[in-house]
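Below is one structure, written out as structure tokens, with a few remarks after it.
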Amino acid sequence: MDRQLSDLLERILDPSWLSEHAGRDVRAARVRIKPSTSLGIALADGASGRSIGWMRVLWPVNHGKAEAAVRDAARHGQTVEVRDLGEGLLSVTGPVMADPKLWRHLRDATRAGLLGGWASEDLLRYNPLRRVVIRDADRVVRVVAGGSRDDHEIQDLVAGIVPCPERLDDGSVPGCSVHHFTGEGDLEGFPSAMGAEAAGELVARLHAAPLPSGPMRGLLDRRNSDPVRQAHRHAALLDHVAPELAVPVREAAARLTLGDPTTPVLCHGDLSPDQVLTVADGSRVWLTDFDRAQSGAPSQDLGSFIAEASPELAEAFMAGYAAAGGAVPEREELALHVAASRMHRLMDPLRRACPDWRIQVGERLALLEGTLP
């Protein structure tokens, strides 16, 4: 147990402490932890819940990043604040436009005319140091750290197979993509059997498409996710902040015996109801967010959706998948992939800065264990 990190995390999840050290009424919306290195926080307005900025807590090994953040922010007319938290820790707080990993991409997107003026109410998603999604009239502008041309090529591949939001840019600005605003929400916000069944049909179409050859096939193969490796990453973090959960996570990982797919298909890679855009009545749907598209077993996508869906949505989804020609896997294989998906998402309550994250992770772990054959 890392007492310093554990205590700091408890303070970060306390809106009163966080507001005092951020200089305004805020709460944590997301948390990303690198033990003995840094702790990143997405800041949301305490009243509206809208994303407004970020905070990084830096251990001594990373203090130089505080100076770099101040320097970079000043260079493009932004301001960040550095505070000494004691015990060798510094906090750095700033607005989204001064995000250390995203500001250059935001600047380039603005200069290229891909992004106009925007305010906090236009932010659809913000994950500090990783990505920001902004609505700009009838367009959605997505800026990511470390984006590549591969992302554009994968989007082009998928767009030729299933309905997805129309891409409006040519991919010439690294880390930036622009899509037409599509639908009225997603299946998580507008759950319907009609929409889930249609989503199942689209996934069957995706899985039936031939995998590309050459470099694109190699890229998709390299993106294969490994739930066992992810489980050990979770356990390594839990060793620091909740060691009582680390042991059962490792025990569950030992039971996740997924073999290589005999006939790999093109997979979404992170399928869930919130990755299916829809109109309110479910009569039209689109698949979105192919960041983790990869080659894999069909059960990977099916288990991923089922793990996050209500029983009613899951049943309709699988009915649509089968009706469109998708081969429904054996119960045991599907259960393993449901468990694998739950393992990948096990730490979401902590990532989402839930104050009772320990309880929620424990409940998720029990559900995962009950899914394993």
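Some notes on this structure:
- Matching residues in the stretch 38-77 - criterion: being farther than 15 Å from PRO15 by Cβ, among the small types (Gly, Ala, Ser) and out of contact with any strand residue (DSSP E or B) (no Cβ under 8 Å at 6 or more places or on another chain): GLY64, ALA68, ALA74, GLY77
- Residue ranges of strands (runs of 3 or more DSSP E) in the stretch 194-302 with at least 3 members hydrophobic (A, V, I, L, M, F, W, C) and either more than 26 Å from PRO165 (Cβ to Cβ) or under 23 Å from the mean Cα position of the chain (by Cα) (or both): 265-267, 285-287
- Restricting the stretch 168-193 to residues that are without any contact (Cβ under 8 Å) to a residue 40 or more places away in the chain and more than 20 Å from the chain's Cα centre (by Cα), the residue that is surrounded by the most Cβ atoms within 10 Å (Cβ to Cβ): GLY171
One line per residue, one yes/no per condition, for (1) surrounded by fewer than 24 Cβ atoms within 10 Å (Cβ to Cβ); (2) on the phi < 0 side of the Ramachandran plot; (3) assigned by TED's automatic domain parsing to the domain that holds ARG167:
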residue: PRO264; (1), (2), (3): yes, yes, no
residue: SER272; (1), (2), (3): yes, yes, no
residue: THR278; (1), (2), (3): no, yes, no
residue: ASP301; (1), (2), (3): no, yes, no
residue: ALA314; (1), (2), (3): yes, yes, no
residue: HIS344; (1), (2), (3): yes, yes, no
residue: PRO349; (1), (2), (3): yes, yes, no
residue: ALA353; (1), (2), (3): yes, no, no
residue: ILE359; (1), (2), (3): yes, yes, no
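- Restricting attention to the stretch 76-101, the residues that are within 15 Å of LEU58 (Cα to Cα), of a type in the set (A, V, I, L, M, F, W, C) and not in a loop (DSSP other than H, G, I, E, B) total 5.
- Residue within the stretch 316-323 that is within 26 Å of GLU166 (Cα to Cα) and either in contact with a Lys or Arg (Cβ under 9 Å, 6 or more places away or on another chain) or modelled with pLDDT under 95 (or both) present: no
- In the stretch 70-86, residue surrounded by the fewest Cβ atoms within 10 Å (Cβ to Cβ) [restricted to those that are in contact with a helix residue (DSSP H, G or I) (Cβ under 8 Å, 6 or more places away or on another chain), of a type outside the set (Ser, Thr, Tyr) and at pLDDT below 95]: HIS76
Conditions tested, residue by residue: (1) more than 26 Å from GLY175 (Cα to Cα); (2) of a type in the set (A, V, I, L, M, F, W, C); (3) at pLDDT below 95.
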residue	(1), (2), (3)
GLY218	no, no, yes
SER225	no, no, yes
ALA236	yes, yes, no
HIS240	yes, no, no
GLY259	yes, no, yes
GLY269	no, no, no
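- Residues within the stretch 240-259 that are free of Cβ contacts under 8 Å to residues at least 24 places away in the same chain and more than 17 Å from GLY370 (Cα to Cα), tallied: 3
- Test: residue in the stretch 284-305 that is out of contact with any strand residue (DSSP E or B) (no Cβ under 9 Å at 6 or more places or on another chain) and aliphatic (A, V, I, L, M): yes
The values are calculated or read from the model by the stated rules, or taken from the named source; none is laboratory data. Everything numeric in this text was worked out from a predicted model, so none of it was measured. For neighbour counting, all protein chains shown are included, and Cβ atoms are generated from backbone atoms with ideal geometry for every residue, glycine included.
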